[in-house]
Amino acid sequence: MFELLHKKITETISLSEEEFEFCKTLFLPKKVRKRRLLLEEGDVCKYTIFVEKGLLRSYTMDEKGAEHILQFALEGWWMGDLYSFFTGEPSSYYIEALEDCELLMITKPSWDLLLEKVPALERYFRILVQNNLITTQRRLMCSFSVTASDKYQNLVESFPDILQRVPQHMIASYLGITRETLSRIRGQAVRR
Amino acid sequence: MAAKETIAFIGESSPLFTRLAQHLAKKHYPMLLVNEAETLQAKLPAAVESISCIKDGCWEADIVILLEANSIELELLEKIKEVATQKIVVYLISDKEQGATDENSASTLEQALPNSKVVRLLYEATSNKLVVSGEDEEAVAFITTLMKGMAGHTIEQHS
């Protein structure tokens, strides 16, 4: 149940067996069925989530009810609304399971305790937050300056797995393009 | 995350369980009745799904309610220990079983599930009162709120 989390953490830092055993006592393991919502807009994001198995997405919904996907999280990824998690303010996001999932969830008080008792994890989480910031900035820049075709190409190269597991309309939403544009780009890519 | 918590009941269906399930169904909580012996779907309130694997039921749940605290077995607790970490585990006991059985249940549970939030739910049959108590204040408050409004029952919270 904790194999992937252990693997991911120890790729970045070294952790004693005792430290990891303590770490395990603070995570809430949860099996979630496909399409189940884990967070709804207006609620406080009580957990930050590690995906052991399955696939999650986070999205916002505009006043017309259209969904805008912010992030997908595959096995080994973390998901949550960090703003809401750290401030205790209501979230603007939804988090949904796109597949049956096995998750490890941690609350803010448990997270604080974990970092206090296992200081080595400060480095692990700092790198995570750093990478999250880089990804967010890159995604923001791409939304201004990169063509739809290049956005799609970047996605294919970075996360080929996602394309096999996520419906096309969600890929289009994630890229900020229409389904028709995505279909055209995919057609061009096949022809090339 | 206020997306509704899943509640797993472990044990046999009983009149009190049916009343609890009907109350929680009105609040739209997804529920599972976990019983290894048989699947009971036909007899259950519509909102409750039956599941036969104790570990899977508790893994999927956010809150676990043990319906037969007087017959808690270490073997069962061992099965759910790994998946009940940081979850609220409620043991339901009626006032008829209070005393030594109750104390045994409490200490057995707390020793067997050291990383869960154990909450005691005492049912006083004569007054139809539910008394919620436990060490974890947040968990006790949550279960009290969950039980509030249950038709014909009064709820009391003890720290």
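The values are calculated or read from the model by the stated rules, or taken from the named source; none is laboratory data. This is a predicted model, so every value here is computed, not measured. So basically every Cβ, Gly included, is an ideal-geometry build from the backbone, and we count neighbours across all protein chains shown. Accessible surface is based on the protein model in full, side chains and every heavy atom, while ligands, DNA and RNA are left aside. Shrake-Rupley method; radii C 1.70, N 1.55, O 1.52, S 1.80 Å.
Keeping to segment B:46-91, report how many residues are modelled with pLDDT under 85, among the hydroxyl-bearing types (Ser, Thr, Tyr), within 14 Å of the chain's Cα centre (by Cα) and under 11 Å from B:ILE10 (Cα atoms).
0
Show the residue pairs meeting these rules: Cβ distance below 7 Å; 6+ apart or different chains; first residue within segment B:72-85 and within 14 Å of chain A (Cβ to nearest Cβ) and open to solvent by 40 Å² or more (accessible area, probe 1.4 Å); second residue of a type in the set (D, E, K, R) and part of a helix (DSSP H, G or I).
Going by the 7 Å Cβ cut-off, the qualifying pairs are B:LYS79/B:LYS55.
Within segment A:11-21, restricting attention to residues that are of a type outside the set (Val, Ile, Thr) and surrounded by 15 or more Cβ atoms within 10 Å (Cβ to Cβ), which residue is farthest from the other protein chains (Cβ to nearest Cβ)?
As a first pass, look at segment A:11-21 and keep what is of a type outside the set (Val, Ile, Thr): A:11, A:14-21.
Still in the list and also surrounded by 15 or more Cβ atoms within 10 Å (Cβ to Cβ): A:15, A:19-20.
Values: A:LEU15: 18, A:GLU19: 16, A:PHE20: 14 Å.
Looking at residues that are of a type outside the set (Val, Ile, Thr) and surrounded by 15 or more Cβ atoms within 10 Å (Cβ to Cβ), I get A:LEU15.
Which number in (1) more than 14 Å from every other protein chain (Cβ to nearest Cβ); (2) open to solvent by 50 Å² or more (accessible area, probe 1.4 Å) marks the one condition that A:ILE127 misses?
(2)
Considering only residues of segment A:94-112 that are within 12 Å of another protein chain (Cβ to nearest Cβ) and open to solvent by 60 Å² or more (accessible area, probe 1.4 Å), which is nearest to B:LYS4 (Cα to Cα)?
Once the filter is applied, the top-ranked residue is A:ASP100.
Conditions: (1) surrounded by fewer than 16 Cβ atoms within 10 Å (Cβ to Cβ); (2) without any contact (Cβ under 8 Å) to a residue 60 or more places away in the chain. B:ALA151 meets all but one. Number of the miss?
Condition (2) is where B:ALA151 drops out.
Please work out if A:GLN188 is open to solvent by less than 70 Å² (accessible area, probe 1.4 Å), more than 21 Å from A:TYR59 (Cβ to Cβ) and either in contact (Cβ under 8 Å) with a residue 12 or more places away in the chain or out of contact with any helix residue (DSSP H, G or I) (no Cβ under 6 Å at 6 or more places or on another chain) (or both). It would help to see each step written out before you state the result.
Numbers: open to solvent by less than 70 Å² (accessible area, probe 1.4 Å): yes; more than 21 Å from A:TYR59 (Cβ to Cβ): yes; either in contact (Cβ under 8 Å) with a residue 12 or more places away in the chain or out of contact with any helix residue (DSSP H, G or I) (no Cβ under 6 Å at 6 or more places or on another chain) (or both): yes.
So A:GLN188 fits the description; yes.
I'd like the full set of residues that are free of Cβ contacts under 8 Å to residues at least 12 places away in the same chain and not in a helix (DSSP H, G or I), limited to segment A:150-174.
A:PRO167
Would you check if there is a residue in segment A:55-70 being within 24 Å of B:THR85 (Cα to Cα), at the interface with chain B (Cβ under 7 Å from one of its Cβ atoms) and hydrophobic (A, V, I, L, M, F, W, C)? Let's see the steps before the verdict.
First pass over segment A:55-70, keeping only residues within 24 Å of B:THR85 (Cα to Cα): A:55-56.
When the remaining residues are screened for being at the interface with chain B (Cβ under 7 Å from one of its Cβ atoms), the result is none.
Within segment A:55-70, none of the residues are within 24 Å of B:THR85 (Cα to Cα), at the interface with chain B (Cβ under 7 Å from one of its Cβ atoms) and hydrophobic (A, V, I, L, M, F, W, C).
Out of all the residues in segment A:22-36, is one or more charged (D, E, K, R), more than 10 Å from chain B (Cβ to nearest Cβ) and more than 24 Å from A:LEU175 (Cα to Cα)?
Here is the first cut: in segment A:22-36, the residues charged (D, E, K, R) are A:24, A:30-31, A:33-36.
From what's left, more than 10 Å from chain B (Cβ to nearest Cβ): A:34-35.
Right, trim to more than 24 Å from A:LEU175 (Cα to Cα) and you get none.
Taking every residue of segment A:22-36 in turn, none turns out to be charged (D, E, K, R), more than 10 Å from chain B (Cβ to nearest Cβ) and more than 24 Å from A:LEU175 (Cα to Cα).
A:ILE177 versus (1) exposed (fewer than 15 other Cβ atoms within 10 Å of the Cβ); (2) outside any helix (DSSP H, G or I): which is the lone unmet condition?
Of everything listed in (1) exposed (fewer than 15 other Cβ atoms within 10 Å of the Cβ); (2) outside any helix (DSSP H, G or I), A:ILE177 misses just condition (1).
Inside segment A:128-156, can you point out the residues that are among the aliphatic types (A, V, I, L, M) and more than 15 Å from the chain's Cα centre (by Cα)? Don't jump to the end; show me each part of the working.
Step one: filter segment A:128-156 for residues among the aliphatic types (A, V, I, L, M), giving A:128-129, A:133-134, A:140-141, A:146, A:148, A:155-156.
Once the filter is applied, which keeps residues that are among the aliphatic types (A, V, I, L, M) and more than 15 Å from the chain's Cα centre (by Cα), segment A:128-156 yields A:LEU140, A:MET141, A:VAL146, A:ALA148, A:VAL156.
Based on this model, can you work out whether B:SER13 counts as more than 14 Å from chain A (Cβ to nearest Cβ), touching a strand residue (DSSP E or B) at 6+ places or on another chain (Cβ under 9 Å) and modelled with pLDDT of 80 or more? Please lay out each step first, then the result.
Working: more than 14 Å from chain A (Cβ to nearest Cβ): yes; touching a strand residue (DSSP E or B) at 6+ places or on another chain (Cβ under 9 Å): yes; modelled with pLDDT of 80 or more: no.
In short, no.
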